[in-house]
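Below is one structure, written out as structure tokens; comments come after it.
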Amino acid sequence: MRTSALRIISCGVLAGVLLACGTPTKKTSPRRLPDSALQEQPSEALARPMPWEIWALFKDLDGQDLQNKALILGDELQQHGKRRSALESYLRAASEALPPNEHAVAVLRIASQQLALDEPKKALSAIGAYYKRRGLGEANVDVPFGLVLAFAYGRHGDVEQAMAWFSKVAAQARMDGPAIQVARNGTDLLLRTLTTGDFERVATNWFSDAFINEQVGRERLRRASPGFRVSEQNSKEPFWAAYDTLQSMPLTPPGSRGATDKPVVGVVLSLSSKFAAIGRDTRQGLELAVERGSTTEPKITVMARDVGTDTAAASAAVRELVASGGATVIAGPLLTEPSVAAAQTAREVGVPLVSFSKSESFTTGGGIFRLGATTTSQIEALVNAAYGDYRLTRFAVAYPQTSSGTEFVDVFKRKLSSLGLSLELEVSYVAGNEASMLNVAQQLDGSAAEAVLIPDTIEASEKFLSSLSPTVKKRIRPLGTALWDNAQKIARSQALFERAIFVTPFFTQSERPEVRQFIEAYRAKYSATPNFLAAQGFDAGTLLVSALRKSAESGRPFDRALLEVPSSQGVTGAITVLSSGEIQRGFYVVEVLRDSFQEKLPTSAVTRLDPRAPAAPGSAQSLTPRLGDSERVESGY
């Protein structure tokens, strides 16, 4: 974030407001309120509280009744829309000897009236003088004063300072609903007045400020909408003129949608930039599922928003889809950081969300669900197959020195430990360094391992496997993650990968009926062969349709209905919705044979230290590989 220091204008700017600088050293004679002030015509517009006026009239900032007559009269006048008269009354009160609590009220009311009367410089001066006289700085400014400063700087044309104060108020008011909403709406309205150049400068300068960045994301989405026009920056109207309209935009409360309303699935994905393809494939799979499953009234509507890789845009898209689109549930994002931001906002506005994040750090629960190719789901499939189906009990792991490699090792070790299985060797190599790989391969010669996990790409694993001696190749079975899920590449070195087992989130050569039907339908609609992301989107869409039907039939909230959807065979595996919000997926695995592939669903009923027995034939299918270029699978996103 740009280091834009918070500033308060000092009391020397305008001598006329020095009465507000502090309690006089001696009592002065009360100033009589001019008759012209009392004769001021009331204004309906000025009678309404200004956005920053979050305090109660006739009370001090601690909620105690005011005692000073001039302050009470000022509040009466303000309440009737006589702001100029109210200002005179507050100035009169400030000229008296007030206790500290009422003196703070006088200064705050003075600054507020000046800003309401479109005199932002005077408002800034009044507050600056007050804090300077007390020997206090920016860190000591309370939320009500901070809001006035934010709006005053915005009206004065100092956008950077306005952003700084709105951000400070938001940080102070985390538990204060009205204040943070005022800060959010004020920031939104100020951003709307900026030219494209000024808006982009704010976006750059405040990128690392979570609060401002979120509002920037919302405004960016608004500017991308059809018919957008930038408001005139030098408009005679204050930037908060449309505050009431913005504030009245309703958020759909949880569970408020009636059974007769059309359900809306809001989709939040990266549909542009370098991740455009993965967002497109996910969206197409989901839309296909909704189209095929939503055949009766009320039909389900899909509304998609492109958020790129921007966390703020993801958060803003959730708000916009709920507020203006009436979204019943949000699907996405896929990337981790936007998923975290979107989930936080979804919890805040009360809408269920199903993320596609595969990160182990993503947190589910409280209406947040996740259907992703996590490290845990991949290791579960591999170990359950190796131990439960192939009766292997002694393992090794050779992994690249990367964060992903380390994550796989940690999950792998936990899984082995839970089953009482032996990890004979744990060794790492420098990613892409063949000499380092050769050294690790030699260490496998002396181990008693029956299988070795290699959580690396097909290309890197090919180099590693080629370094193994013939004896080790015959004795040790390679285990691969979803990064190996590309039958075309494996076939190029099929002899080298023979006997290997790898996780297949989506095997395009599968003979399972649900997979074949999905591939045919996808090809018919999009003239392309689906990959894992399209298949995952299809499974997500199928789940959402089922839950929306249950919700409509039973009247229960969507998140409760989703938990009640029975386990099923999806195109990407066996799917079960857990109470934790995790959508558990039992991935299939594939064994590489000499000239074919075997696909099977690993047993899930594995227990610690099962007696060794010959591997059961299971239900694996021997398949003849079809390796046309159009069937290339890219699932290691």
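Evaluate E = 1/(1 + (r/R0)^6) for L578 and T603, where r is the Cβ-Cβ distance and R0 equals 22 Å; express this FRET efficiency to the nearest 0.05. List each step's numbers first, then the result.
Details: r = 19 Å, r/R0 = 0.87.
Plugging the Cβ-Cβ distance into 1/(1 + (r/R0)^6) gives 0.70.
What full-extension length gain, to one decimal in nm, is calculated for R84 and R223 as 0.36 nm per residue of separation minus the Cα-Cα distance? The partial results should precede the final answer.
Numbers: separation 139, 0.36 × 139 = 50.04 nm, distance 3.75 nm.
So the extension gain works out to 46.3 nm.
With just the Cα atoms defining each centre, how far is segment 289-336 from segment 62-126? Give it in Å.
47 Å
Sequence neighbours fewer than 8 away in the same chain don't count; with that in mind, list the aspartates and glutamates whose C-alpha is under 16 Å from K82.
D35, E40, E44, E53, D118, E119
Give the dimensionless ratio obtained when the Cα radius of gyration of segment 42-150 is divided by 2.2 N^0.38 Å. Please report the intermediate quantities before stating the final value.
Details: Rg = 12.7 Å, N = 109, 2.2 N^0.38 = 13.1 Å.
Rg over 2.2 N^0.38 Å, computed on Cα atoms: 0.97.
Taking all pairs of different Cα atoms in segment 541-595, averaging 1/r and flipping that mean, what Kirkwood radius in angstroms comes out? Don't skip to the answer; put the middle values down first.
Values: mean 1/r = 0.0800 Å⁻¹.
Result for segment 541-595 stands at 12.5 Å.
If packing is taken as the average count of other Cβ atoms within 10 Å, what order do 79-85, 62-68 fall into, highest mean first? Display every interim value, and only then the final one.
Details: 79-85: 19.4, 62-68: 12.4.
Output ranking for 79-85, 62-68: 79-85, 62-68.
Test of understanding: express the Cα radius of gyration of segment 146-225 as a ratio to 2.2 N^0.38 Å, with N the residue count. Spell out each step's value before the answer.
On the way: Rg = 11.6 Å, N = 80, 2.2 N^0.38 = 11.6 Å.
Taking the Cα Rg and dividing by 2.2 N^0.38 Å, one obtains 1.00.
Using a/c under 1.5 as the rounded threshold, could you call segment 338-419 rounded, prolate or oblate? The axes a ≥ b ≥ c are square roots of the C-alpha gyration tensor eigenvalues, and prolate needs a/b larger than b/c, oblate otherwise. Let's see the in-between values first.
Numbers: a/c = 3.62, a/b = 2.17, b/c = 1.67.
Prolate shape, in that a/c is at least 1.5 and a/b is the bigger ratio.
If I take the Cα coordinates of segment 483-528 and project them onto the principal axes, what are the three extents in Å, biggest first?
37, 19, 16
Taking a ≥ b ≥ c as the square roots of the Cα gyration tensor eigenvalues, with a/c under 1.5 meaning rounded and otherwise prolate when a/b beats b/c, else oblate, which class fits segment 268-397? Each step should come with its number before you reach the end.
Numbers: a/c = 2.11, a/b = 1.73, b/c = 1.22.
Since a/c reaches 1.5 and a/b is larger than b/c, the shape of segment 268-397 is classed as prolate.
Would you calculate the separation in nanometres between label points at S404 and L136, each defined as 7 Å from the Cα along the Cα-to-beta-carbon direction?
Placing both labels 7 Å along Cα→Cβ, they lie 5.3 nm apart.
What is the extension gain from A45 to K474, computed as 0.36 nm multiplied by their sequence separation minus the C-alpha to C-alpha distance, in nm to one decimal? Working shown, then result.
Values: separation 429, 0.36 × 429 = 154.44 nm, distance 8.53 nm.
Residue separation times 0.36 nm, minus the Cα-Cα distance, leaves 145.9 nm.
Give the average over all directions of the projected area of the C-alpha convex hull of segment 316-385, one decimal, in nm².
Values: hull surface 18.8 nm².
About 4.7 nm², averaged over all directions.
Once you wrap a convex hull around the alpha carbon atoms of segment 447-537, what is its projected area averaged over all directions, in nm²? Could the numbers behind the result be given before it?
On the way: hull surface 27.2 nm².
It is 6.8 nm².
What order, most packed first, do the peptides 297-305, 337-345, 195-203 have when packing is the mean number of other Cβ atoms within 10 Å of each residue? Don't jump to the answer; show the numbers that get you there.
Working: 297-305: 16.6, 337-345: 23.6, 195-203: 14.6.
Most protected by this proxy first, the peptides run 337-345, 297-305, 195-203.
For the pair A521 and R560, how long in nm is the line joining their label points, each one 7 Å along Cα→Cβ?
Once both label points are built, they end up 2.9 nm from each other.
Taking K299 as the anchor, which lysines have their alpha carbon closer than 26 Å to its alpha carbon, excluding any fewer than eight residues away along the same chain?
Qualifying lysines at Cα under 26 Å: K262, K525, K550.
Using 7 Å Cα-to-Cβ label points, what is the E511/A242 separation (nm, one decimal)?
Here the answer is 6.2 nm between the modelled labels.
Would you list, by chain and number, the aspartates and glutamates whose Cα falls below 16 Å from the Cα of K413, excluding same-chain residues fewer than 8 positions away?
E360, E380, E424, E426, E450
Can you list, bin by bin at 5 Å, the percent of alpha carbon pairs in segment 449-601, starting at 0?
Whole-percent P(r) values from 0 Å outward: 2, 9, 16, 17, 15, 13, 11, 8, 5, 3, 2, 1, 0.
No lab work stands behind these numbers, since they all come straight from the coordinates. If you're wondering where the values come from, they're calculated on a predicted model, not measured in any experiment. Note that each Cβ is placed from the backbone with ideal geometry, even for glycine, and that neighbours are counted across all protein chains shown.
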